[in-house]
Structures are given as structure tokens and as C-alpha cells.
Amino acid sequence: MTRTAPIGAGRAGGLLGQACSTFKIFTAVAALLAFGAARAQAPAPATAPSAAELPPPALFFERPELGEAKLSPSGRWMALGSRAGSTRTGLVIFDLQAWKPLGVAARMRDADISEFHWVNDEVLVFSVIDSQAGSGDQRFGAGLFSVNRNGQGLRELIRTQWEQEVGSGRLPSRALSPRHSLLHVPPGPGEEVIVGEDLYSESGQPQGTLAKRLNVLSGRTTNLSQGLPPHVQDWWFEPDGQPRAVMTRHQGRSRFLWRDAGQAQWRQLLDAPSFELPWVPRFVDASGALWITRSAGAESRAQLTRFNFQTGAPEATPVLDTPGFDFTGQLVTEGDGGRALGLRVTTDAQTTVWFDAGMAAVQAELDQRLPGLINRLSCSPCSGPEMTVLVRSYSDRHPGQIGVYWPAQKRWRALGAVRPRVDPARMATTDFHRIKARDGLEFPVWVTRPAGAQGALPAVVLVHGGPWVRGRYWEWDAYPQFLASRGYAVIEPEYRASTGYGQRLYRAGWKQFGQAMQDDIADAVLWAVKSGQVDGRRVCIAGGSHGGYSTLMGLIRHPELYRCGAAWVAPSDPRVRYDWRFDSDIDDESRLFTLPLLVGDRVKDAAMFDAISPVLHADKIRAPLLLGYGAEDRRVPIVHGERMREALRKAGREPEYVVYLDEGHSWVRLENRVDFAQRLERFLALHLK
């Protein structure tokens, strides 16, 4: 399934360039791989750093040296995102037969290459982000570009909102507008990809996405949306790029439409309120089977099964059940949408259930070779003597490493570590627990403890944003690791309203902002103290977005638990979301249908809103408070911070306050990430040590 997000308009045109020394990059990549290969193993026993040798904040928040890696369809080449030899992430092509970098296919002077895909063995497409600009400067499109494997034929297919510096001249003006984005890359030797154009009404409200077939060499497009109703949000494609299914969302209702193979007409399989769907489409495989999830059991967990077109209903027997968790995962295919090989599934950690016996055997071999790590495999080709397997391995203490395995020859080569400056032996461990709230509802809690730490520790309760998301997975995570490196236990509750653990937990959080949701967070603290992991006299609450809101409400509702609070991009009045604002990205669908259901009706529930708006209760906050905001934030506009700061001042409780002028709802620039981390470190040391 491909889910699209609204993209705003940007400047027409666009320039890009490849300005760097090939020799210097080859040297840097070779040195990085040699150093990274030395770290490419499971972490040694944990060792706690002394105060004098604390790792710097940049170690945790800088971008990785090695990014995504992908095999070409033939398995001869590998594309790799790398910033070795440059401050910018470029697209490096690696010759797997010769085991050396072949060249730099593309690198921008003023942007970083982010997502990329092989179209065929000769051509790749990629999008960009400017990691040296704040998130407030990146509200629109990431563009789309194509380039030959040898670095020639650089083309702009979708314009960005800014113009890259020129190295090879101005690109064709026929490039699509920034409202387009990549939806699907058909496997095989073709020259086309599928893109979507986000549509808007005259008032700027999202109207769905129009799918188009785009030739990456000529730039020509073909409309794929004939015969479809408006407001299409999600698309599912056949391997050759033909649309097979779509989902529309409008005025609180969702419709799922299906088109049989070889047919022009669409038929409706589902029409229901968006938050009351009897089943949810997940993916369509190469055989045309529709995989769906539906809720079952006391926890109403999402189980994976197939849709039976003869009965017009889901099959009764689940294909896969994950006790204690919703099905969260994806179909693993040969190429993008080819033969189904298995299911990649996440419970507390990720695993792969292989249908293909050959891949199951390779997984067993690599798990034995690389113990203590999650080993995520992708392959191309996926059978025969030329079978090539790309391996990305990681754990809670290891940020990741990349290697390549040739099963027929039993040959393994370690490519390198994703973050070679991180020593896994000095990283913290993360454990998963389940506890009960005061009303008996069970919910998960993650606990991260410093390497080698014993006994009760000062703690930070790190509250996830959303709130209707899953907060954490078993993997290396920058913020918990940074806080643990400073000697703190980090408590991360998956409070009610969190997703991934069943509808019962999720729905228990509806209309519970600052109430039962907040009590869950408090109950996680009390449990951690009772279990001897946390010093109850030294606890601070912190978080961003909804986690920041929960920080404010935690200091108001449970002041006895927290010595201090740190909140960034935090809503201070939930009612602001219901107002149309030029500086907000919340659309009418959310304001009129989603928020009233999940948060509350601002008229009927006016008394509740008064009780759960931190800005109205600033006088109850007695603990020291650190606040951080982005001046360009469109999800939580800066007015939230300004009003909260003013209310605290009137109450005689001046907060520590910082605004990053070029940032939005997250910190993108490394300088800002490090600055806020240092502020947080000093703030916590002052109040918890």
C-alpha cells in the first residue's frame, strides 16, 4: 500500500549539480567501509562511560554515515546513500563483483539524497531533503530525479520548492509540479514509475491523489485515474503498475474500490465510517490476492487474513496472528510487487516469516552468523546461483550494519556500520514490559537503562507524540540513548490511545486527553519506582508534540511525581486545532470529523476542554519547565508556545524558553538538534542530579 501526504505548491524550475571529487569520495567511502566493517558485529558486554568521557550529543543526532542500501534487479550493483567525503548525502554505486565503489551517481551541493529506487539495472530515481535547513523550509515537495548508474543523464522529474545549485546546467522545464510524489516502482526492465498528484480545492483543502504513469527518460505522463471517484487517498498497484485497488476518504467515511485483472470497471467492496471499518486493506500480491486485517479477540487485535471474493468477506482463519500486538508489517516480495516471499512482522521487535523455503534457510544461516541482532534480508535475484542477499542488522544497542551474502557460494562480506562513531558496547539496553493501569487496563512500557547501571536511577519519562501512533520499537533510538548516556533511566509508556496493541487500548484513549491517558503515564512512573528501577524522588517528564502536551498536563495533574518538565512543539490548548489558521496544516476533514471523535466536541465538551487545556492552568505548574518551539511549525503553531509562556509569566513561573526560527514541527538542522540536546542535558542535570 502507498499512503500519500499533502504537498504544497513550490517554485517552478529547479537546478541540480554533482560537484565533488570522485577520487576523494572513493577514498572516503573505502575508509568508511574499512572502519565500519570492524564494528560490524554484535555488541560486546556493556561498559558504562565515565563522566569525563561522555559521548558528545552530536554522536546521537548527526545523520548516519551509511543510509539506505538497495540491490539492483540483477544483483550486480548496490546503491547506497552515503555522506562519506562530504557534508551531503550522495548516491554511491557499489560494484558487488569487484567489491568496490563504482562511482557517485548523484550528489547535490545544497541538498541530501533521501529516498531512492532502482527503476532497472541502469537507471535510478531519488528524492531529496536539505538536512542543513530547518524543517520549516521543507513544507512542500522532495522532488524526484532520475540518473543513470554511471552518473550520466541527470533529469528532474518533479520540481522541489527550492533550486539546487548548478553543476551540469538547467534541467528540462517539463518537470512536474511539487505537488507530485512517487507512489510505486514496477519491478523489471521498464522505464516507468507511478507518481501521484495531490489535488486541492480552491480553498486549499485536500481532494485526493491522482495517479499517473511517468516515463523517467522522456518525462511523459499517462493518467491512471480514469473512472475513479474523487478523494482517493490510498493506492494499490499490480506489479506492472496498473491500479488494482483504491481507498477514498471524505466527510468521515471511507470507501474501498477494487478492479479485477483485465477489467476497466471498478466495484465497491467496502463503505463505512472511517473509524468503524470492519476490515482494513493491507496489500495486494502478484497473484491478485487481497490481504486485509480485521480485529479479533478480547483486545480487538488486528489479525492478517485474505479477502474471499466468492463470499465477499474476509476469510475466517487468520494467515498470521501476533498475540499481544496488532499485525504490523509488510509483504516481502521479489522486487517492488513481485512474487511474495514472506511477511515482515513487528511485535516488540521485527522478524520475518518466510513463505519461501530458500529464504528461510538463508535467514537461519545469517542469524547463526550474526547472533544477538535483528537481521533484515532483501534479495535480488531471490533464487538460483546468482542469488544475492543484502543484510541490514541492528539491535537496541547497535544502530545498524550492512553486509552482503551469496548463498550459493556461502560467501559473506561486511560492508560497514551505519554509525561507525557509535560504540554499541557503550550503548544502553532497552526492555519491553506490560503493566496494568489503575483501572485494570494493560499497556506496554519500554525501559532503557544505561550500560552497566545497577539499582534505582534518576529517570526521564519520555512521552511519545501522536498520540495515535506506536511510540517505540526494539531498536537503537537517539533520544533514549542520549538520555541514558547521561545516567538516566528512560521510561516510555505506550499509554491508551497508542496504536499497535489492539483496538481496546487505542479506543480507551478517545476523549481522554489529559485524563486517563495522563494517568497511564503516572502509573508507569509508579510501577518503575515500585520495581526498583527508578528513584521516585528524581523524575522528570519530557516529550515532543503530544508528548509535550502530556508533559504540561503531567506537571498540572500529578505534580507530586515530577521534579521538572521539558516540552517541545507542545500544544497548550487543544481547541486551537479546531480553528482555521493560515499557519496550520490541519485540514477540514480532521477538524470536522476526526478531532471531534478522538479528542472531543469543542461545544458539547466545553467543560472538558477547559479542564485539559494547560494554558488555563499555568498557575498549577510549580516545577521548573523547559519549552522549545519552531517558529515555522504548522502542526503546532508558535501561538501555543507564546500563550503558554505568557500564562506562566503571569503566574510568576518564568520557563526556560527557546524558539528555532527556521524549524517547524521537528528539529532538522544538526546545530538545532545538538543545541536543544545540550539545553536538555543542562536542565536535567540541574534538577535531577
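The values are calculated or read from the model by the stated rules, or taken from the named source; none is laboratory data. Since the model is a prediction, treat every value here as computed from it, not as a measurement. With ideal geometry, Cβ positions are generated from the backbone for all residues, glycine too; neighbour counts draw on all protein chains shown.
Miscellaneous remarks
- Residues of the range 603-644 classified as closer than 14 Å to P574 by Cβ, among the hydrophobic types (A, V, I, L, M, F, W, C) and in a helix (DSSP H, G or I), total: 9
Okay, residues lined up against (1) free of Cβ contacts under 8 Å to residues at least 12 places away in the same chain; (2) surrounded by 14 or more Cβ atoms within 10 Å (Cβ to Cβ); (3) closer than 30 Å to E192 by Cα:
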position	(1), (2), (3)
T221	no, yes, yes
L224	no, yes, yes
P229	no, yes, yes
L257	no, yes, yes
D271	no, no, no
V280	no, yes, yes
D285	no, yes, yes
G288	no, no, yes
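Rundown of residues vs (1) farther than 26 Å from V639 by Cα; (2) part of a helix (DSSP H, G or I), yes/no style:
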site: K511; (1), (2): no, no
site: G514; (1), (2): no, no
site: G532; (1), (2): yes, no
site: I541; (1), (2): no, no
site: G548; (1), (2): no, yes
site: S572; (1), (2): no, no
site: R577; (1), (2): no, yes
site: D583; (1), (2): no, no
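One line per residue, one yes/no per condition, for (1) at pLDDT 95 or above; (2) among the aromatic types (F, W, Y); (3) buried (at least 24 other Cβ atoms within 10 Å of the Cβ); (4) at positive phi:
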residue	(1), (2), (3), (4)
G455	yes, no, no, yes
V461	yes, no, yes, no
Y473	yes, yes, no, no
Y479	yes, yes, no, no
Q515	yes, no, no, no
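- Test for S378: is it within 24 Å of the chain's Cα centre (by Cα), under 26 Å from Q481 (Cα atoms) and at pLDDT 95 or above: no
- Criterion (in contact (Cβ under 8 Å) with a residue 60 or more places away in the chain and assigned to a strand (DSSP E or B)) met by exactly one of L390, L341, L377: L390
- Scope the range 616-661; condition crowded, with 17+ Cβ neighbours inside 10 Å and of a type in the set (D, E); matching residues: E632, D633
- Of all residues in the range 320-366, exactly one satisfies the criterion of being touching a Cys at 6+ places or on another chain (Cβ under 8 Å) and under 28 Å from T499 (Cβ atoms), namely L341.
- If the condition is being out of contact with any Ser or Thr (no Cβ under 7 Å at 6 or more places or on another chain), assigned to a strand (DSSP E or B) and charged (D, E, K, R), then the range 186-217 contributes only E192.
- Inside the range 82-113, residues that are among the β-branched types (V, I, T) and out of contact with any helix residue (DSSP H, G or I) (no Cβ under 8 Å at 6 or more places or on another chain) make up a count of 4.
- Residue list for the range 218-240, filter: farther than 26 Å from I292 by Cβ and either assigned to a strand (DSSP E or B) or out of contact with any strand residue (DSSP E or B) (no Cβ under 8 Å at 6 or more places or on another chain) (or both): S218, T221, T222, N223
- Matching option when the condition is in contact with a Pro (Cβ under 9 Å, 6 or more places away or on another chain), closer than 29 Å to L661 by Cβ, at pLDDT 90 or above and of a type in the set (D, E, K, R), among R107, R155, R83, R159: R159
- Within the range 253-283, the set of residues being at pLDDT below 95 and within 19 Å of L320 (Cβ to Cβ) comprises just one member, F283.
- Just one of (1) in a strand (DSSP E or B); (2) modelled with pLDDT under 95 fails for A566. It is (2).
- Residue selection: P381 satisfies the criterion of being surrounded by fewer than 21 Cβ atoms within 10 Å (Cβ to Cβ) and farther than 26 Å from P318 by Cα.
- Test: residue in the range 481-488 that is crowded, with 18+ Cβ neighbours inside 10 Å, at pLDDT 95 or above, under 20 Å from S545 (Cβ atoms) and among the hydrophobic types (A, V, I, L, M, F, W, C): yes
- Checking every residue in the range 591-599 against the condition of being aromatic (F, W, Y) and part of a helix (DSSP H, G or I) gives at least one match.
- You will find that of D234, D240, the residue that is of a type in the set (D, E, K, R) and at pLDDT 95 or above is D234 and no other.
- Hits in the range 193-205 - residues which are on the phi < 0 side of the Ramachandran plot and either among the small types (G, A, S) or surrounded by fewer than 20 Cβ atoms within 10 Å (Cβ to Cβ) (or both): G196, L199, Y200, S201, E202, S203, Q205
- Just one of (1) within 20 Å of the chain's Cα centre (by Cα); (2) among the small types (G, A, S); (3) farther than 22 Å from E62 by Cα fails for G465. It is (3).
- Meets criteria (among the small types (G, A, S) and either outside any loop (DSSP other than H, G, I, E, B) or within 26 Å of V119 (Cα to Cα) (or both)) for G288: yes
- Test: L526 is in contact with a Ser or Thr (Cβ under 8 Å, 6 or more places away or on another chain), at pLDDT 95 or above and either among the hydrophobic types (A, V, I, L, M, F, W, C) or not in a helix (DSSP H, G or I) (or both): no
- Every pair of residues 6+ apart whose Cβ atoms lie under 8 Å, when the first sits in the range 593-615 and is farther than 17 Å from Q251 by Cα while the second is assigned to a loop (DSSP other than H, G, I, E, B) and modelled with pLDDT under 95: F609/R602
- Look at the range 350-368: where a residue is within 22 Å of E475 (Cα to Cα) and free of Cβ contacts under 8 Å to residues at least 24 places away in the same chain and a partner is among the β-branched types (V, I, T) and not in a helix (DSSP H, G or I), sitting 6+ places away or on another chain with Cβ atoms under 9 Å, you get T351/V345; T351/I374; W354/V332; Q363/T352.
- If you go through the range 659-674 and keep only what is under 15 Å from V569 (Cα atoms) and in a helix (DSSP H, G or I), you end up with N672, R673.
- The requirement of being at negative phi, modelled with pLDDT of 95 or more, more than 22 Å from the chain's Cα centre (by Cα) and not basic (K, R) is satisfied by A360.
- Scanning the range 550-607 for residues that are aromatic (F, W, Y) and within 30 Å of G536 (Cβ to Cβ) yields Y562, W568.
- The set of residues from the range 586-615 being over 22 Å from G565 (Cβ atoms) and buried (at least 21 other Cβ atoms within 10 Å of the Cβ) comprises just one member, G600.
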